[in-house]
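The values are calculated or read from the model by the stated rules, or taken from the named source; none is laboratory data. All figures in this text were calculated on a predicted structure; none of them were measured in a lab. Cβ placement follows ideal geometry from the backbone for every residue including glycine, while neighbour counts extend to all protein chains displayed. Please note that ligands, DNA and RNA were not included when accessible areas were found on the heavy atoms of the full protein model with its side chains. Shrake-Rupley method; radii C 1.70, N 1.55, O 1.52, S 1.80 Å.
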Amino acid sequence: MGLRAHGRRIAFTMAEILLSLTIIGVVAAITLPSLTGNINERTWNTQRKALYARFSQALALMPSLNGYGTLTEDESGSIEDTAAETFVTAGLSKVLKINNICDNDHLEDCGIVTSLTTLNGSKITTPKTLGELNISMTDMNFSNSGGSSYTYSQIDTKAAAFETANGESILTFYSPRCIAKISSTYIQTQKITCANFVYDLNGSKGPNTVGKDMGVMTVLYPTDSVVVAPYPHMQNAKEGVSQQEALKACPEQDPEYRIPNLEELASIYVNRNLFGLPDGDVFLWSSTLSPTDTSKAYNLNRTGAVLPEPRSWTRNAVRCVKR
């Protein structure tokens, strides 16, 4: 019933009601996506941390991470490759609850999408082999300005996939010939990487974007393994800085950011295509100091080498990772 004024009834007109509803609708349209995005981000962060904890505990129970599967070449040059699939079935499934395992020809049956969006917003075809993930993991020949050269050859193993008991879809890349961290200060990422997982927290459901519902975990060293799950910022925090300056650059940019350690740098290199790391991104600082000379800190170059340089050098850049 309307209001009374000087004996007359006053009511809202249909136009006024429609105008009010329109205003409410506009405000909702503006605020709801942001609200929904914040809720999704918090949910993904919680799931990401839980997944990392489960994998870290599971992989610690495996006696060794190398040597699984078969990599044999017949007379025609064809490679029989059961490495990643065997790693999951004979190794990981013994220490982790897995609902479904898919070979390379049936990855979509485990919720793996055919294309994904990288951290920098590029749309790419989902890699199905170690070489498609990062070609330098399987074939590299590099000579630097000093005249030294480095070559590396690793069989381009096929990826496998599985679904966890919690509903995550995990694309698995595996290197059966990975080695333990050697005493030399020169560390080659390709050699120490045993497994790399690209996870999708909600399977084939969108947005299928790295840094949102998708991310990576990399396992380094076959024994005393280290599991890392870096979430790097899309751009370098600073260019041409010393390691001391690099340590300060990340928290200055965001309190949740920090400079990556040696293993996180290796993971960033393995997943460089997913993180949008350009070829020109030659040197990146880490927080890890040389065990033999603390005046030096490890850095990453474009060949995948992680080696110590004087902390005072200022030719390096820094790319932050989120805590």
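Figures for the structure shown
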| quantity | calculated |
| --- | --- |
| Pair list, Cβ under 8 Å, 6 or more apart: segment 202-231 residue within 19 Å of residue 53 (Cβ to Cβ) and open to solvent by less than 40 Å² (accessible area, probe 1.4 Å), other residue part of a loop (DSSP other than H, G, I, E, B) and hydroxyl-bearing (Ser, Thr, Tyr) | 215/231; 219/225 |
| Selection within segment 234-261 - farther than 10 Å from residue 321 by Cα and crowded, with 24+ Cβ neighbours inside 10 Å | 243, 246 |
| Single residue of segment 136-191 satisfying the filter (under 22 Å from residue 52 (Cβ atoms), open to solvent by 50 Å² or more (accessible area, probe 1.4 Å) and under 20 Å from the mean Cα position of the chain (by Cα)) that is modelled with the lowest pLDDT | 166 |
| Test: residue 199 is open to solvent by 50 Å² or more (accessible area, probe 1.4 Å) and under 15 Å from the mean Cα position of the chain (by Cα) | no |
| Residue list for segment 104-116, restricted to those being part of a loop (DSSP other than H, G, I, E, B) and open to solvent by less than 50 Å² (accessible area, probe 1.4 Å) | 111, 112, 113 |
| One residue from 96, 119, 92 being open to solvent by less than 40 Å² (accessible area, probe 1.4 Å), of a type in the set (A, V, I, L, M), over 12 Å from residue 163 (Cβ atoms) and in contact with a helix residue (DSSP H, G or I) (Cβ under 6 Å, 6 or more places away or on another chain) | 119 |
